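Structure first, then comments.
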Amino acid sequence: CHLIHYLRLSHHLLVLNYLICTFDKLKSISSEDINITDAVFDGVEVRVFEPPAKRDEKLKRSVVYIHGGGWALASARTSLYNNLCRIMAESLNAVIVSVEYRLVPEVCFPEQFHDALRATRHFLQPDVLAEYSVDPSRIAISGDSAGGNLAAAVCQQLSKDEQLTVRPKLQALIYPVLQAFDFNTPSYQQNMNMPVLPRYVMINYWIDYFNGNYDLAHSLLINNHTALDVGQALSFRGRLNWTSLLPSSFKKNYKPVIQTTGKAEIIQEIPGLLDVRAVPLLAENETLQLQPKTYILTCENDVLRDDGVMYAKRLENAGVEVTLDHFDDCFHGCMIFTMWPTDFSAGIQTRNSYIKWLDENL
């Protein structure tokens, strides 16, 4: 992945995703335990995992799941996510809807957000819930990494939709990417060269998501886009002040990187950098107050650790009940690595904790 990014081949993400999906994409293979079907929800492909009906059981709980991969990689149909959703369906006795949103470079922001929102809104319609025998009062929206970004953004949008009669009871975000305002939070500084997701790769994913220019990467890395003289960013600065949002155990001895003079033209060229549909951590308090009970899983060895911790704090300050589930010895992406040859104990540990919380709260 990093080599293809570095060499900028053809379109590196097309090459990489072709390799991933050619060797790993699975057809919908049902079993006695779980019925797996592919469907289309308002023009968006989804994969639905349904456990068999139990005697005297009328309605099931449900999770809408949005996969990670930098808005550009993976699929609801790859073995890693297929396995995760199957285990969730079995463990929770729940209907799992895995969203197959379109990817970079086919589409860029805001289309991934629109896909996730359309599929979720469609599923939340009472007649669709009835078709799948889902209890309207027991639905969660969840996702990991870039999928956690989309889940948070969709949840914020749904909370303000007055036409909806059904809204998620919970949101569960797994090491979510939530902001592109500050690439020098303590976790970005501490884990800048950490395998799986080094800082420069995360910045490149953001640039790809916004269909931006790689020449801007260094300016983003040193926070030129949110310098003190960039007027568009000023109103957001207080919503992402990690010196007040992070506990001292995460701040350690790191110092903020705030440029006095920067490049306002970056925001003009990529306005999505300050669009809450892409960066949910920058949402106003009035929106955060409307969010459902929330679970956020973070890992110490992850540039995105502080995104999740800061969102948990902002939600808590807004009056939302939040569970922050932090793992000191785990890394970004670990939860899907539970199958041979990448069956890591970190994956089993985080997945079990996540499913346990859903089971107890959904």
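The values are calculated or read from the model by the stated rules, or taken from the named source; none is laboratory data. Just so it is clear, the structure is predicted and the values come from calculations on it, not from any experiment. Virtual Cβ from ideal backbone geometry, glycine too; neighbours counted across all protein chains shown. Remember, those area values only see protein heavy atoms, side chains included, never the ligands or the DNA or RNA. Shrake-Rupley method; radii C 1.70, N 1.55, O 1.52, S 1.80 Å.
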Accessible carbon and sulfur surface of the stretch 64-120 relative to its total accessible area, %, 1.4 Å: 51
For the chain, built as a Gaussian network whose Cα springs stay under 10 Å, the top-fluctuating residue of V322, V128, V279: V128
Helix-only [θ]222 nm of the chain, DSSP H runs n ≥ 4, -39500 (n - 2.57) each, per residue, nearest 500: -10500 deg cm²/dmol
Sulfur and carbon atoms: percent of accessible area, the stretch 271-362 [1.4 Å]: 48
Fraction of beta bridges assigned by DSSP in the stretch 240-362 that are antiparallel (%, nearest 5): 20
For the chain, built as a Gaussian network whose Cα springs stay under 10 Å, the top-fluctuating residue of G262, G272, G148: G262
Residue of T294, T185, T323 that the Gaussian network model of the chain assigns the largest fluctuation, springs spanning Cα pairs under 10 Å: T323
Solvent-accessible area per residue for the stretch 223-332 (1.4 angstrom probe, square angstrom): 42
Alpha-carbon centroids, the stretch 262-281 and the stretch 142-163: separation in whole Å: 19
Other-chain or far-sequence residues with amide H under 5 Å of E100's (modelled H): E45, V46, R47
Of all accessible heavy-atom area on the stretch 133-265, the percent that carbon and sulfur account for (1.4 Å): 49
Shape category assigned to the stretch 232-288 from the gyration tensor of Cα positions, a/c cut at 1.5: oblate
Where only alpha carbons of the chain are counted, the Rg and the Dmax (Å): 19.5, 66
Paramagnetic label zone (point 7 Å from Cα along Cα-to-C-beta, D38; backbone N under 12 Å) in the stretch 53-94: 76-78
Sequence ranges 35-41, 115-121, ranked by mean other-Cβ count within 10 angstrom, highest first: 115-121, 35-41
Among the listed pairs K160/K255; K169/K313; K160/K252; K54/K356, those beyond 25 Å (Cα-Cα): K160/K255; K160/K252
Rounded accessible area per residue of the stretch 83-179, 1.4 Å, Å²: 29
Rounded, prolate or oblate (a/c below 1.5 giving rounded, otherwise prolate when a/b exceeds b/c) for the stretch 180-231 by Cα gyration tensor: oblate
Centre separation in Å (Cα based) which lies between the stretch 312-362 and the stretch 40-114: 18
Percent RCO, i.e. relative contact order, over the chain, from Cα pairs under 8 Å lying at least 6 residues apart: 16
Bridge type composition, the chain - antiparallel percent by DSSP, nearest 5: 35
